[in-house]
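Chemist: Can you read through this structure? Questions will come right after.
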Amino acid sequence: MSLVEILVVLAVLGVASAFVTPNILDWNCRQEARNDFERLNGFMQTLRLEAVNRNSTMLARVYRSGNNAIIRAYQGPQGNKKSCSGGGWNYRGQGVNDIMDYRSEKSSLSFVKRDICFEADGTATPTSINNYAYLISRQCGIKPVRNFQYKNQIFGATGFIEKMKYNLTSSKWEEL
């Protein structure tokens, strides 16, 4: 191979990498946001199941510290429904058989309702109709900056957690 051929190959590789690198970085960023969202939904499903298994109300409470957020699990008295507001909750995140706290690691977490309670019968504190409980978002890319968003909506009567993502192309929320 001559020096000219090597330079042409290097130029072609440079142009190709200029197109591929932003797409890979966007994919990686979007995947990290999706992983944070899946961990959040796993935490919520665990709380719902633990409420039924423990026959008591389980509370998810959000605490903020700057851009970071943590959701902690609390348990009410066994066999009784407990109001989501007020005190008297037992923190369930320290022991061997307890529930780990959820921390938003790479994405930002916002919420409509700070406290969500799951009852022993599997129901949840009602959230507003057409409103979500928690939203995970992450900005990715340099130009254009894309904001990847995922949300869950918790239905009070059933405790069902609907997972949705925001479609950047159609500008609409879609089910996952």
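The values are calculated or read from the model by the stated rules, or taken from the named source; none is laboratory data. The structure presented is a predicted model; accordingly, all values stated were derived computationally and were not measured. Neighbour counts are summed over all protein chains in view; Cβ atoms, including those assigned to glycine, are modelled from backbone coordinates with ideal geometry.
Chemist: Quick one: in region 40-64, of everything that is surrounded by fewer than 16 Cβ atoms within 10 Å (Cβ to Cβ) and among the charged types (D, E, K, R), which residue is farthest from the chain's Cα centre (by Cα)?
Modeler: Residue satisfying both the conditions and the ranking: Arg54.
Chemist: State yes or no: is Ala69 among the aliphatic types (A, V, I, L, M), under 23 Å from Cys140 (Cβ atoms) and not in a helix (DSSP H, G or I)?
Modeler: Criteria met by Ala69.
Chemist: When region 1-20 is examined, which residues are found to be at pLDDT below 80 and over 47 Å from the mean Cα position of the chain (by Cα)?
Modeler: Correct list: Met1 only.
Chemist: Identify the residue in region 151-176 that is among the β-branched types (Val, Ile, Thr) and part of a strand (DSSP E or B) and, among all such residues, is nearest to Phe111 (Cα to Cα).
Modeler: At the first step, the residues of region 151-176 found to be among the β-branched types (Val, Ile, Thr) are 154, 158, 161, 169.
Pick out the ones that are also part of a strand (DSSP E or B) and you get 154, 161.
Values: Ile154: 12, Ile161: 14 Å.
Residue satisfying both the conditions and the ranking: Ile154.
Chemist: Can I ask one more? Name the residues in region 85-122 that are in contact with a Ser or Thr (Cβ under 8 Å, 6 or more places away or on another chain) and assigned to a loop (DSSP other than H, G, I, E, B), would you?
Modeler: Within region 85-122, Ile99, Ser107, Val112, Lys113, Glu119, Ala120, Gly122 meet the criteria.
Chemist: Given the options Glu32, Glu5, name the one that is assigned to a helix (DSSP H, G or I), free of Cβ contacts under 8 Å to residues at least 24 places away in the same chain and either loosely packed, with under 10 Cβ neighbours inside 10 Å or of a type outside the set (A, V, I, L, M) (or both).
Modeler: Going through Glu32, Glu5 in turn, just one is assigned to a helix (DSSP H, G or I), free of Cβ contacts under 8 Å to residues at least 24 places away in the same chain and either loosely packed, with under 10 Cβ neighbours inside 10 Å or of a type outside the set (A, V, I, L, M) (or both): Glu5.
Chemist: Of the residues that sit in region 109-163 and are among the basic types (Lys, Arg) and over 24 Å from Ser83 (Cα atoms), which one is modelled with the lowest pLDDT?
Modeler: Looking at residues that are among the basic types (Lys, Arg) and over 24 Å from Ser83 (Cα atoms), I get Lys143.
Chemist: Going by the structure shown, is Gly79 at pLDDT below 75 and either surrounded by fewer than 13 Cβ atoms within 10 Å (Cβ to Cβ) or within 21 Å of Gly159 (Cβ to Cβ) (or both)?
Modeler: Answer is yes for this residue.
Chemist: Across region 148-173, what is the total count of residues that are among the hydrophobic types (A, V, I, L, M, F, W, C), farther than 23 Å from Glu32 by Cβ and more than 15 Å from the chain's Cα centre (by Cα)?
Modeler: 3
Chemist: Here's another thing I want to ask about it. Inside region 35-70, can you point out the residues that are farther than 28 Å from Pro144 by Cβ and free of Cβ contacts under 8 Å to residues at least 40 places away in the same chain?
Modeler: Of everything in region 35-70, those that are farther than 28 Å from Pro144 by Cβ and free of Cβ contacts under 8 Å to residues at least 40 places away in the same chain turn out to be Gly42, Leu49, Asn53, Tyr63, Arg64, Ser65, Ile70.
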